[in-house]
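Reviewing the structure listed below.
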Amino acid sequence: MRCYAFALAIVVSLFSVAPTARAATALHVAFPELPPIGPEAAKGVVIYSHGRSLKNEDMDSPPPAYLASLAHDGWDALRFDRPTREDSLPASSADLARRVQALRDKGYKRVVLAGQSFGAFLSLMAASQAKQVDAVIATSPAAFGSFNDSYDTWQMNATELYKHLKTLRQTRVLLAFFHRDDYDPGGRGVRAEEILTVRRLPHLVIDQPRELAGHVAGATDVFAKRYGQCLARFIDGAKVDARGCDTINTPAPEQGSEVVVGSGS
């Protein structure tokens, strides 16, 4: 059982001392009702990075439903909050990489970075900068605008993604792309699969799953219900295959069983 008094001590002792270049950024507990249990008891820690909107403050957005599933599964779930005015790819990714090392130094055996949109790019970049990141979950990676609002830079959501995938080292990589995402130039799933296979990195690419659409599809309850178990197994180190992950098409594996061998594993 998670103890709230112990959780408060964990927050004070672990997260407030994490080094940061900018005081406005911070690590917060993702779900107050699911407080951290600490490096000795937890499977590891998942740091979620939200997106970046020029219209709204994304620090106020709720964390994705799949993150709650991971917290229930024994992972400490944190969120890396950055106010829009302080947020940039170079500064925030370096900040996040430093926080990864701080949590390692505090005793966490496994560190996973998860992110949505701009936060997905931050997670991939920080994984290249940090000494060791065990896995990255990147849903709808985007940092260069949408087709309608930023046509001149929109294609960089693909080209910059490929560049960062080529710099990852010894990290398990899960990517998710969705239909009708105005930030997606298209074709990223196939190209990402090619890059990660050539680099021999364990990976899972969820590409255009049916009945999940839009830029924030990866944050929904539907995505968590269909893919949450697969995400948990993937970051635990199991070999997985996107074709066997979707619970609409595949019955849940028995306790202790392994999902079929995945590409790039």
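Bear in mind that the values in this text are calculations on the coordinates, not laboratory data. Note that this is a predicted model, so its numbers are computed, not measured. Here the Cβ is made from the backbone with ideal geometry for all residues, glycine too, and neighbour counts use every protein chain on show.
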*Might you report the magnitude of the Cβ-based charge dipole of the stretch 180-250 about its Cα centre, with Lys and Arg at +1 and Asp and Glu at -1, to the nearest 20 debye?*
240
*Where q = 0.15, 0.22 Å⁻¹, what log10 of I(q)/I(0) comes from the Debye formula for the stretch 141-234, counting one point per Cα?*
-0.61, -1.18
*Note the count of lysine pairs whose C-alpha atoms are less than 23 angstrom apart in the stretch 4-244, limited to pairs 8 or more residues apart or on different chains.*
12
*Could you work out how far apart the two model spin labels at residue 200 and residue 85 are, taking each label as a point 7 Å from the Cα in the direction of the beta carbon, and quote it in nm?*
4.9
*Percentage of Cα-Cα pair distances in the stretch 4-244 greater than 28 Å, rounded to whole percent?*
24
*Counting pairs of alpha carbon atoms under 8 Å apart in space and at least six apart in sequence, what relative contact order in percent does the stretch 4-244 give?*
17
_Dimensions in Å of the stretch 70-191 - Rg and Dmax from alpha carbons_ = 14.6, 45
_Label zone at residue 162 (point 7 Å along Cα-to-Cβ), backbone N below 19 Å, the stretch 115-140_ = 121, 124-125, 140
*Among residues other than residue 165 whose Cβ falls under 12 Å from its Cβ, what is the net charge (Lys/Arg +1, Asp/Glu -1)?*
+3
_What does the extension gain come out to for residue 180 and residue 109, with contour length at 0.36 nm per residue minus their alpha carbon separation?_
21.8 nm
*Potential extension, residue 152-residue 72 segment - 0.36 nm per residue separation minus Cα distance*: 24.6 nm
